[in-house]
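J.: Take a look at this one; I'll ask things after.
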Amino acid sequence: MNRLWVLYDAGCPMCSRFRTWLVEQPHLIPVTAVAAGSPEALRLLPHLDHDATLREITVVADTGAVWTGASAWVTCLWATVEHRDLATRLSTPVGLPVARAMAYAAAGLRASLTTTSVPAARPSGPTRGGGYADDCDGHCAPV
């Protein structure tokens, strides 16, 4: 394996923050973050279910291997210099549920940092959905 592509929901603030963190890490395997459902994603990875990549993080290797959910989060960590050991521990049958719980905790933290009301400065009317103050539509899933 020589390269990974990480498809993330560019419309989701939590996913975008994770993408920024990930690309700033020193890598053992080069990682390219691509907005899920974008023309670039469709061109690079035409064989994927691109609607599904908008619902959960998807990691694709140059070998054709595809990871989603908790396995995708662990694969992202595995590609980094600093977090490979953690990823190795989380990739075990005992560790993967921990990785899944960590992803849910991150999603819960994100939800606790947002509100369900629309701020007064924003125009009234329908939002993208989900009622999040940061305009996330709430359709992506951490795992």
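The values are calculated or read from the model by the stated rules, or taken from the named source; none is laboratory data. Just so it is clear, the structure is predicted and the values come from calculations on it, not from any experiment. We place every Cβ from the backbone using ideal geometry, glycine too, and count neighbours over all the protein chains shown. Ligands, DNA and RNA are excluded from the accessible area calculation, which covers all protein heavy atoms including side chains. Shrake-Rupley method; radii C 1.70, N 1.55, O 1.52, S 1.80 Å.
J.: Is there any pair linking a residue in the range 47-71 that is farther than 15 Å from residue 10 by Cα and open to solvent by 30 Å² or more (accessible area, probe 1.4 Å) to one that is of a type in the set (S, T, N, Q) and not in a loop (DSSP other than H, G, I, E, B), with Cβ under 6 Å and at least six apart or on different chains, and which?
T.: If the second residue must be of a type in the set (S, T, N, Q) and not in a loop (DSSP other than H, G, I, E, B), the pairs left are 67/75; 68/58.
J.: Just checking, how many residues over the range 6-19 are open to solvent by less than 60 Å² (accessible area, probe 1.4 Å) and closer than 16 Å to residue 72 by Cα?
T.: 8
J.: Related question: Take the residues in the range 87-99 that are of a type in the set (A, V, I, L, M, F, W, C) and either touching a strand residue (DSSP E or B) at 6+ places or on another chain (Cβ under 9 Å) or not in a helix (DSSP H, G or I) (or both); name whichever of them is surrounded by the fewest Cβ atoms within 10 Å (Cβ to Cβ). Steps first, please.
T.: Here is the first cut: in the range 87-99, the ones of a type in the set (A, V, I, L, M, F, W, C) are 87, 90, 94, 96, 98-99.
This time we only want the ones that are either touching a strand residue (DSSP E or B) at 6+ places or on another chain (Cβ under 9 Å) or not in a helix (DSSP H, G or I) (or both), so: 87, 94.
Values: 87: 18, 94: 9.
If we take residues in the range 87-99 being of a type in the set (A, V, I, L, M, F, W, C) and either touching a strand residue (DSSP E or B) at 6+ places or on another chain (Cβ under 9 Å) or not in a helix (DSSP H, G or I) (or both), then 94 is surrounded by the fewest Cβ atoms within 10 Å (Cβ to Cβ).
J.: Kindly indicate whether residue 77 is surrounded by 14 or more Cβ atoms within 10 Å (Cβ to Cβ), within 20 Å of residue 20 (Cα to Cα) and out of contact with any strand residue (DSSP E or B) (no Cβ under 7 Å at 6 or more places or on another chain).
T.: Details: surrounded by 14 or more Cβ atoms within 10 Å (Cβ to Cβ): yes; within 20 Å of residue 20 (Cα to Cα): yes; out of contact with any strand residue (DSSP E or B) (no Cβ under 7 Å at 6 or more places or on another chain): yes.
Taking the combined requirement at face value, the residue satisfies it.
J.: Also: I'd like to know if the range 37-45 contains one or more residues that are over 27 Å from residue 93 (Cα atoms), modelled with pLDDT under 95 and of a type in the set (S, T, N, Q).
T.: no
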